[in-house]
Amino acid sequence: MFGTVNCAILGTGKIAEKMAETMKSARKVKCYAVGSRNLDRAVEFAKKNGFKRAYGSYEDLLADRKVDLVYVATPHSEHFANAMAALEAGKNVLVEKPICINEKQAKKLIATADAKHLFLGEAMWTRFLPFANRIREVLSSGVIGDPVSLTADVGWNIRAVPRMTDPELAGGTLLDTGIYALNFASMFFGEDIYKINSVCSYTDRRLDEQDSITLIYRDGRVATLSASMVGCGPRQGVFTGTKGYAVVDDIVNFKSLAVYDANGKRLAIYRRPRQKNGYEYELAAAVRAIREGRTEFDLMPHRQSLSEMHMMDFIRGQMGVVYPAEVRERQEEQRRQEEEDRQAALALEQKAKEALAAKEEEEERGQIASDIQAQEAIEGHVSIGDETDYTFGTAEAAADIAGEEVHLPSEDTLVHAAGEALKEDARLKQEAAKAPAPDPGDVTSYINLSLPQDHPAADDGEKK
């Protein structure tokens, strides 16, 4: 793709406002369209942020052929449906974090994007901040020795935000704020984890309110993470090394990195370069990927999104936090599986019936064939006294018995032969009519047989 990328935003909340602000100042990007479930809100958003078109439904926005990239800024619970609809409409998609509410949904989205060769990216904007490279450089320099552990906390008092305490919107702390702490650990300690321990306090609707998570890595390193939606924390990240420690100010949007020796003496401090709001880096990466024909980010590839979703699924499992959408999905899968099993059983039963019917039909055909052969045998053999049997059956039967090849006469030959037989029969009847009638009393003149004395016909009368 060349030229300007026409960008559209699904949703008109605060996060959408922040991305709109980013789009207005980005290169190779045009603020093209916004979609909302309320047309008035869409129009107001478009006027405020300089978007060309406003739509009162997501479907209308996705039907616009000029849209190149859709940024999904709806609640967590809607990410999957909205992103899938955009992909099905042939649009490249940038989804606000988390990409979905669970790994299963994320896999479906990624598979669809790959199949359609469309870009799909998770907007984990911290991954794209340039200052992350400076943090890695300092850690690898050995100034604090070997990093053996890290701590990270994220907290805002946002419990009053409706979506945070609504299970239908996949509320709770983990997917909203805890994901930043997990991302921080992943960026600098990787994902070679062999054990996770997690606990939480709960809201009155059994969503996680404050989280405490410990990650144990195979090489012995440990990450201790905390997240809250009721308390305002420093959002610090601390790396503990064998020679000292380093402190990151704001693990969500890195501000600075301070390095200390083993005695707590500050050795150096590094500050991030000037930036707009931090979203410009992920947006530029998305545009670059689209222009290059790639289906994923290089700094936040699909496998990374799946890895973090898998981890959060596991943590929620330990906490016992389940979203209603997941319950409905499991129930629907169970119903679908039961229906598939029922259909399979019916199909198996039908096959069994067909096999039985075929067997009975085959047996019936065999019986009929046997009866026919028996009848032909009866009709084809006549015994006269002790004389030799003469076969009057079909030519095929005779040939089969003799083991000889038979050549059947043509239809014309058979018709001619039948005609000649009729003529001969008529001639014989005429001659018989001219012959004198036999003497009824002279039996021997009609049947030239000598009767033995003990034959019934030799008696004067019939035995009673």
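Against the numbered list (1) touching a helix residue (DSSP H, G or I) at 6+ places or on another chain (Cβ under 8 Å); (2) exposed (fewer than 12 other Cβ atoms within 10 Å of the Cβ), residue 252 comes up short only at (2). Restricting 239, 254 to residues that are in contact with a Leu (Cβ under 7 Å, 6 or more places away or on another chain) and in a loop (DSSP other than H, G, I, E, B) narrows the list to 254.
For segment 261-278, the candidate set comprises residues that are touching a Ser or Thr at 6+ places or on another chain (Cβ under 9 Å) and closer than 18 Å to residue 241 by Cβ; within that set, the residue that is surrounded by the most Cβ atoms within 10 Å (Cβ to Cβ) is 270. Do we have any residue at all in segment 132-139 that's assigned to a helix (DSSP H, G or I), among the β-branched types (Val, Ile, Thr), in the same structural domain as residue 233 (by TED's automatic domain parsing) and over 36 Å from the mean Cα position of the chain (by Cα)? Yes: segment 132-139 contains one or more residues that are assigned to a helix (DSSP H, G or I), among the β-branched types (Val, Ile, Thr), in the same structural domain as residue 233 (by TED's automatic domain parsing) and over 36 Å from the mean Cα position of the chain (by Cα). Taken over segment 224-237, residues that are among the aliphatic types (A, V, I, L, M), out of contact with any Lys or Arg (no Cβ under 7 Å at 6 or more places or on another chain) and either closer than 16 Å to residue 322 by Cα or surrounded by fewer than 17 Cβ atoms within 10 Å (Cβ to Cβ) (or both) amount to 0. Residues satisfying the criterion are absent from segment 122-135 (criterion: small (Gly, Ala, Ser) and free of Cβ contacts under 8 Å to residues at least 40 places away in the same chain).
Taking segment 152-204 as the range and being within 20 Å of residue 129 (Cα to Cα) and of a type in the set (Val, Ile, Thr) as the test, the residues that pass are 154, 177, 179. Against the condition under 22 Å from residue 327 (Cβ atoms), touching a residue at least 24 places away in the same chain (Cβ under 8 Å) and surrounded by fewer than 20 Cβ atoms within 10 Å (Cβ to Cβ), how does residue 168 come out, does it pass? Yes: the conditions hold for residue 168. Within segment 363-384, the residues that satisfy the criterion of being among the aliphatic types (A, V, I, L, M) and either in a helix (DSSP H, G or I) or at pLDDT 75 or above (or both) are 368, 369, 372, 374, 377, 378.
Strands (runs of 3 or more DSSP E) fully within segment 21-124 that include at least 3 residues being surrounded by 24 or more Cβ atoms within 10 Å (Cβ to Cβ): 29-35, 69-72, 92-96, 120-123. Return the pair list, or none, for Cβ contacts closer than 6 Å from residues in segment 196-210 that are under 13 Å from residue 229 (Cβ atoms) to residues that are among the small types (Gly, Ala, Ser) and in a strand (DSSP E or B), at least 6 apart or on different chains. Once the first residue is under 13 Å from residue 229 (Cβ atoms) and sits in segment 196-210, its partners that are among the small types (Gly, Ala, Ser) and in a strand (DSSP E or B) give 209/201; 210/201; 210/228. Restricting segment 158-179 to residues that are among the aliphatic types (A, V, I, L, M) and touching a Ser or Thr at 6+ places or on another chain (Cβ under 6 Å), the residue that is farthest from residue 251 (Cα to Cα) is 169. One residue stands out among those in segment 210-236 that are part of a loop (DSSP other than H, G, I, E, B) and closer than 16 Å to residue 251 by Cβ: the one that is nearest to the chain's Cα centre (by Cα), which is 235. The condition of being outside the structural domain of residue 248 (by TED's automatic domain parsing), more than 25 Å from residue 203 (Cα to Cα) and in contact with an Asp or Glu (Cβ under 9 Å, 6 or more places away or on another chain) does not hold for residue 97.
Checking 347, 258 one by one, the residue that is without any contact (Cβ under 8 Å) to a residue 12 or more places away in the chain, among the hydrophobic types (A, V, I, L, M, F, W, C) and surrounded by fewer than 19 Cβ atoms within 10 Å (Cβ to Cβ) is 347 and no other. The residue that is surrounded by the most Cβ atoms within 10 Å (Cβ to Cβ), among those in segment 199-223 that are within 22 Å of residue 157 (Cβ to Cβ) and hydroxyl-bearing (Ser, Thr, Tyr), is 203.
The values are calculated or read from the model by the stated rules, or taken from the named source; none is laboratory data. Because the structure is predicted, anything quoted here is derived from the model rather than measured. No Cβ is skipped: glycine too gets one built from the backbone with ideal geometry, and neighbour counts run over all protein chains shown.
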